[in-house]
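Chemist: Following this message is one structure expressed as structure tokens.
The values are calculated or read from the model by the stated rules, or taken from the named source; none is laboratory data. For clarity, every value in this text was computed on a predicted model and none was experimentally measured. As a convention, Cβ positions derive from the backbone with ideal geometry for all residues, glycine included, and neighbour counts pool all protein chains shown. To get the accessible areas, we keep the full protein, side chains included, count just its heavy atoms, and leave off ligands, DNA and RNA. Shrake-Rupley method; radii C 1.70, N 1.55, O 1.52, S 1.80 Å.
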Amino acid sequence: MELQPKIPQNWAAIFDRIANRITHLTGSSAAFLTACAVVLIWGLTGPLFGYSEDWQLVINTGTTIITFLMVFVIQKAQNKDSLAVQLKLNELIAATKGASNRLVAVENLTDEELAVLCQHYDTMAEVTRQASDLRKSHSVEEAIEEAQQKLTDNPS
């Protein structure tokens with residue numbers, strides 16, 4: 001369950017557009033070169049201002065403000081990208097015959113549920129490693145059934 005404040009729909013849409021635009025602009029070569037130029041100009045003006053505390057404060061304040069704001073823009077872009085990837089993976093899982101549907105929306109499980117699921121897949125990986133054909137097993141249940149069948153067929 002996500003805890004997000006209720007933001008009017010039009011504000012959220014405006015923020016989305018602004019965040020997308022800022023993300024594209026700041027991820028460009030031009031933005032990097034502009035940032036380098038600003039730092040270079042600031043450095044070259046040091047002797048002009050006697051490397052004063054005010055001169056240092058300008059770059060410190062500017063970079064702090066930009067960094068603070070960019071954290072939110074980057075997080076917004078990352079959340080959107082992550083959701084898109086999760087949806088694509090969910091579609092692939094849902095469309096693949098033999099895939100375990102328990103993995104659809106797995107990102108919404110609790111840490112404890114993820115640990116249990118991880119243990120199941122660790123078990124499947126171990127059983128699959130012991131099988132002769134690594135491509136044969138598609139789910140935890142199939143891997144366990146195959147392992148049990150092997151034990152029944154070849155008791156040691």
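Chemist: Calculated from DSSP H runs of 4 or more alone, at -39500 (n - 2.57) each and per residue, what is the 222 nm mean residue ellipticity of the chain, nearest 500?
Modeler: Using -39500 (n - 2.57) per qualifying helix, the result is -25000 deg cm²/dmol.
Chemist: So what's the net charge close to Trp11: Lys and Arg +1, Asp and Glu -1, counting the other residues with Cβ under 14 Å from its Cβ?
Modeler: Net charge around Trp11: +2.
Chemist: Counting only trypsin sites (Lys or Arg not before Pro) that sit in a DSSP loop (anything but H, G, I, E, B) with at most 11 other Cβ atoms within 10 Å, what is the longest stretch of the chain containing none of them?
Modeler: Maximal segment without exposed cleavage sites: 7-96.
Chemist: In a Gaussian network model over the chain where Cα atoms closer than 10 Å are linked, find which of Leu89, Leu114, Leu33 has the largest mean-square fluctuation.
Modeler: Residue with maximal mean-square fluctuation among Leu89, Leu114, Leu33: Leu33.
Chemist: Mind checking the per residue accessible area of the chain for me, 1.4 Å probe, whole number of Å²?
Modeler: Roughly 82 Å² per residue, with all protein chains present.
Chemist: With a Förster radius of 25 Å, plug the Cβ-Cβ distance of Arg129 and Ile74 into 1/(1 + (r/R0)^6) and report the FRET value to the nearest 0.05.
Modeler: 0.05
Chemist: Name the shape class, rounded, prolate or oblate, that the alpha-carbon gyration tensor gives for segment 62-116, where a ≥ b ≥ c are the square roots of its eigenvalues, rounded holds for a/c under 1.5, and otherwise prolate holds if a/b is larger than b/c and oblate otherwise.
Modeler: Oblate shape, in that a/c is at least 1.5 and b/c is the bigger or equal ratio.
Chemist: Ignoring ligands, DNA and RNA, what percent of the 1.4 Å accessible area of the chain is carbon and sulfur?
Modeler: The computed percentage sits at 64.
Chemist: Using Cα springs under 10 Å in a Gaussian network model of the chain, which residue among Leu117, Leu109, Leu44 shows the largest mean-square fluctuation?
Modeler: Between Leu117, Leu109, Leu44, it is Leu44 that shows the largest mean-square fluctuation.
Chemist: With the cut-off at 1.5 for a/c, could you classify the chain from its C-alpha gyration tensor as rounded, prolate or oblate?
Modeler: Prolate.
Chemist: Rounded, prolate or oblate: which fits segment 32-75, taking a ≥ b ≥ c as square roots of the Cα gyration tensor eigenvalues, rounded meaning a/c under 1.5, else prolate when a/b beats b/c?
Modeler: oblate
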